[in-house]
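One structure below.
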Amino acid sequence: MLLELKRWEIPPGHQALIKNVSWSELEQILEELGETRSSRISYSNGNLEIMTPLPEHEDNKAFISDFVRIILEELGQEYRNLGATTFKSEKMAQAVEADECFYIQNEAIVRGKKRIDLNLRPPPDLVIEIDITNRTRFNNYQLLGVPELWRYDGSKLEINVLKSGKYVLSDESLQFPRFPIKQVIPEYLEVGKTQGKVATMNQFRSWVREVIINS
């Protein structure tokens, strides 16, 4: 299987599904693929998906993650941004690589840890997925217990919060209840298309400061 995977070419915006993959095979595949790659994986109960993102996907990911960092910095909130780290649990037969993830409330618990074992440590507090061509599957994140998942489809931001083991749509972020995230982030993503990243980030930071002062 590993030799075959080496020969695969998954075009940007596409994905490949491999069924009946054992946990030991998954570990071998992850080692073979390595950490310096553009593709991402999602594994649930023997089904492995390998996805390659589009450039548009990467642009949106960078903007949204920087928006989150700005809010956290302006609030003086410690955080740990672990990007597309592979989170996995053999016990739950789940593994996933988010587009972006943040430890916020639980940052101190994972501070300085080189490896995060989900059997001993909590999952990220916030996960961000960019769905330009594919729909995020929730089962990984639900089973791993990620409290909040944002999903951006290129025009709308969807906020999902975990309640009784299932995601429900919310108009308010668990991590940032003072900020109208759902409405404002898509607006600033549009600004970024014409004004550039630095100007957009400066405007966004000014908006964040205004919200903090007025709240």
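The values are calculated or read from the model by the stated rules, or taken from the named source; none is laboratory data. Values in this document were obtained by computation on a predicted structure and should not be read as measured data. All Cβ positions, even for glycine, are placed from backbone atoms using ideal geometry, and neighbour counts span all protein chains on display.
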- Query: Within the range 75-126, can you find the residues that are in contact (Cβ under 8 Å) with a residue 24 or more places away in the chain and on the phi > 0 side of the Ramachandran plot?
  - Reply: Ala93
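Restricting attention to the range 165-192, and to residues there that are of a type in the set (Lys, Arg) and surrounded by 11 or more Cβ atoms within 10 Å (Cβ to Cβ), which single residue is modelled with the lowest pLDDT?
Let us first name the residues in the range 165-192 that are of a type in the set (Lys, Arg), namely 166, 178, 182.
From the residues that got through so far, the ones that are surrounded by 11 or more Cβ atoms within 10 Å (Cβ to Cβ) too are 178, 182.
Working: Arg178: 91, Lys182: 95.
Within the range 165-192, the match that is modelled with the lowest pLDDT is Arg178.
Within the range 77-110, restricting attention to residues that are among the aromatic types (Phe, Trp, Tyr) and either in a loop (DSSP other than H, G, I, E, B) or at pLDDT 95 or above (or both), which residue is farthest from Ser44 (Cα to Cα)? Explain how you work it out, then say what you get.
Step one: list which residues in the range 77-110 are among the aromatic types (Phe, Trp, Tyr), which gives 79, 87, 102-103.
From what is left, the residues that are either in a loop (DSSP other than H, G, I, E, B) or at pLDDT 95 or above (or both) are 79, 102-103.
Numbers: Tyr79: 28, Phe102: 22, Tyr103: 23 Å.
Among residues in the range 77-110 that are among the aromatic types (Phe, Trp, Tyr) and either in a loop (DSSP other than H, G, I, E, B) or at pLDDT 95 or above (or both), the one farthest from Ser44 (Cα to Cα) is Tyr79.
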